[in-house]
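J.: Below you will find the structure I want to go over with you.
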Amino acid sequence: MKDYGIAIHGGAGTVSKTGMTKWKAEAYRQALKRAYTVGYHTLHKGGSALEAVTEAILILENSPLFNAGKGSVFTSKGEHEMDASIMDGKKLRAGAVAGVRQVKNPILLAIAVMKESRHVLISGDQALEFAREHKIELAPREYFYDAARFKQWQKVAAHDGITLDHDQQDGKKFGTVGAVALDKKGNLAAGTSTGGMVNKKYGRIGDSPLTGIGNYANNASCAISCTGHGEYFIRAVVAHDISARMLYQGLSLKDASETVVLKLLPEMGGKGGVIGIDGQGNIAMPFNTKGMYRGFKNSRNEEFVGIFEK
């Protein structure tokens, strides 16, 4: 039987042990563990990588701890605009949404775009119209309200700033979420979901919904989900670059991902990390920040959940 497994992330940033209470760190660990455990059980039962990725991300989107779905941060107008993407490594199918409001689980809308439309990426009000047509669950504005998020937004908006969801804000860290998986049939999949930057303006879109940048899957190489400062990830075309280094240079997933995340991104000034899995079940989770919410479980009886650099 072939190896299989799943890895997840909940954001990378200035995460330090001194700025987080033990109970808060444990809450994050439990949420992460629940997400990858549910995804792993799906794989163990013979489910697809796409199903496992979706189920893991749904749990993270439904948690107020992470900047996706229910926990999405506020824009400059006091709203919640969410992005998400999904990719099937077998047929290189992809679906994504950007700047959507009211959608309870943006990852489900991205899947609908992949399966039910001729497009890869749709956005804004038209994406909401598509969600209604395909019976994707919507939620009232109150569903996305969180007192800690509101306080975070007010602090940033007071000086007209823009900040990453996971930067230091009164000791709170919030993160983009993502998952990558390999199933028993050897198929790879990747998914990413986010609420974007705190106090973002002008309909800003980051890397998360952009196929080949914040998210990518190809059975011939790997599945990648990114988290960090989107503008730099866009300029570096991070997810596809890792895959390309594996395909064209013959690098391993570990070497390819570390080259991009630990060498190329810092040279540009980019902060963040990635999670990846290849066709042999090898997992890589490099990041160049103080921490990254992350975890994985595989058929080799290996399991890990972590937050801090060490």
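This table checks each residue for (1) within 18 Å of Val53 (Cα to Cα); (2) in contact with a helix residue (DSSP H, G or I) (Cβ under 9 Å, 6 or more places away or on another chain); (3) modelled with pLDDT under 95.
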site	(1), (2), (3)
Ile205	no, yes, yes
Ile224	yes, yes, no
Val238	no, yes, no
Ser257	no, yes, no
Gly279	yes, no, no
Gly291	no, yes, yes
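J.: Do you know which of the residues in the stretch 94-114 that are at pLDDT below 95 and in a loop (DSSP other than H, G, I, E, B) is farthest from Gly195 (Cα to Cα)?
T.: Out of the qualifying residues, it is Gln102.
J.: Given the residues Thr194, Thr211, which is the only one that is of a type in the set (Ser, Thr, Tyr), within 18 Å of the chain's Cα centre (by Cα) and at pLDDT below 95?
T.: Selected residue: Thr194, the only one of Thr194, Thr211 that is of a type in the set (Ser, Thr, Tyr), within 18 Å of the chain's Cα centre (by Cα) and at pLDDT below 95.
J.: If I filter the stretch 32-84 down to residues being without any contact (Cβ under 8 Å) to a residue 60 or more places away in the chain and not charged (D, E, K, R), which single residue comes out as nearest to Leu108 (Cα to Cα)?
T.: Among them, the one singled out is Leu58.
J.: I'd like to check something: does the stretch 27-49 contain any residue that is at pLDDT below 95 and either touching a Ser or Thr at 6+ places or on another chain (Cβ under 8 Å) or not basic (Lys, Arg) (or both)? Before you say what the answer is, go through the steps one by one.
T.: Filtering the stretch 27-49 for residues at pLDDT below 95 gives 27-28.
With either touching a Ser or Thr at 6+ places or on another chain (Cβ under 8 Å) or not basic (Lys, Arg) (or both) added as a condition, the list becomes 27-28.
Yes: the stretch 27-49 contains one or more residues that are at pLDDT below 95 and either touching a Ser or Thr at 6+ places or on another chain (Cβ under 8 Å) or not basic (Lys, Arg) (or both).
J.: Out of the residues in the stretch 91-114 meeting the condition of being of a type in the set (Lys, Arg) and under 20 Å from the mean Cα position of the chain (by Cα), tell me which one is nearest to Gly71 (Cα to Cα). It would help to see each step written out before you state the result.
T.: Step one: filter the stretch 91-114 for residues of a type in the set (Lys, Arg), giving 91, 93, 101, 104.
If we keep only those that are under 20 Å from the mean Cα position of the chain (by Cα) as well, we get 93, 101, 104.
Numbers: Arg93: 28, Arg101: 13, Lys104: 10 Å.
Taking the candidates together, the pick is Lys104.
J.: Could you list, in sequence order, the residues of the stretch 7-62 that are surrounded by fewer than 21 Cβ atoms within 10 Å (Cβ to Cβ) and outside any helix (DSSP H, G or I)?
T.: If the condition is that a residue be surrounded by fewer than 21 Cβ atoms within 10 Å (Cβ to Cβ) and outside any helix (DSSP H, G or I), then Thr14, Ser16, Met20, Thr21, Lys45, Gly46, Gly47, Ser48, Asn62 are the ones that fit.
J.: Out of the stretch 65-115, which residues are closer than 26 Å to Leu188 by Cβ and among the β-branched types (Val, Ile, Thr)?
T.: Ile86, Val97, Val100, Val103, Ile107, Ile111, Val113
J.: Which is touching a residue at least 24 places away in the same chain (Cβ under 8 Å), of a type outside the set (Val, Ile, Thr) and farther than 17 Å from Gly95 by Cβ, of Ser208, Ser193, Ser225, Ser221? Show your work before the answer.
T.: Values: Ser208 fails: farther than 17 Å from Gly95 by Cβ; Ser193 fails: farther than 17 Å from Gly95 by Cβ; Ser225 fails: farther than 17 Å from Gly95 by Cβ.
That would be Ser221, the only listed residue that is touching a residue at least 24 places away in the same chain (Cβ under 8 Å), of a type outside the set (Val, Ile, Thr) and farther than 17 Å from Gly95 by Cβ.
J.: Here is a follow-up. Which ones in the stretch 239-264 are hydrophobic (A, V, I, L, M, F, W, C) and out of contact with any Gly (no Cβ under 7 Å at 6 or more places or on another chain)?
T.: Ala244, Met246, Leu247, Leu251, Ala256, Val260, Leu262, Leu264
J.: Could you list, in sequence order, the residues of the stretch 73-93 that are of a type outside the set (Asp, Glu), crowded, with 24+ Cβ neighbours inside 10 Å and assigned to a strand (DSSP E or B)?
T.: The answer is Met82, Ala84, Ser85, Ile86, Met87.
J.: Taking the condition among the aliphatic types (A, V, I, L, M) and either in contact with a His (Cβ under 7 Å, 6 or more places away or on another chain) or in contact (Cβ under 8 Å) with a residue 40 or more places away in the chain (or both), does Leu262 pass?
T.: no
J.: Consider Lys70 carefully, then state whether it is part of a helix (DSSP H, G or I), charged (D, E, K, R) and touching a Phe, Trp or Tyr at 6+ places or on another chain (Cβ under 8 Å).
T.: Details: part of a helix (DSSP H, G or I): yes; charged (D, E, K, R): yes; touching a Phe, Trp or Tyr at 6+ places or on another chain (Cβ under 8 Å): yes.
Yes: the conditions hold for Lys70.
J.: Could you check, for the stretch 136-143, whether at least one of its residues is at pLDDT 95 or above, farther than 25 Å from Asp278 by Cα and β-branched (Val, Ile, Thr)?
T.: Yes, there is a match, as at least one residue in the stretch 136-143 is at pLDDT 95 or above, farther than 25 Å from Asp278 by Cα and β-branched (Val, Ile, Thr).
The values are calculated or read from the model by the stated rules, or taken from the named source; none is laboratory data. All figures in this text were calculated on a predicted structure; none of them were measured in a lab. So basically every Cβ, Gly included, is an ideal-geometry build from the backbone, and we count neighbours across all protein chains shown.
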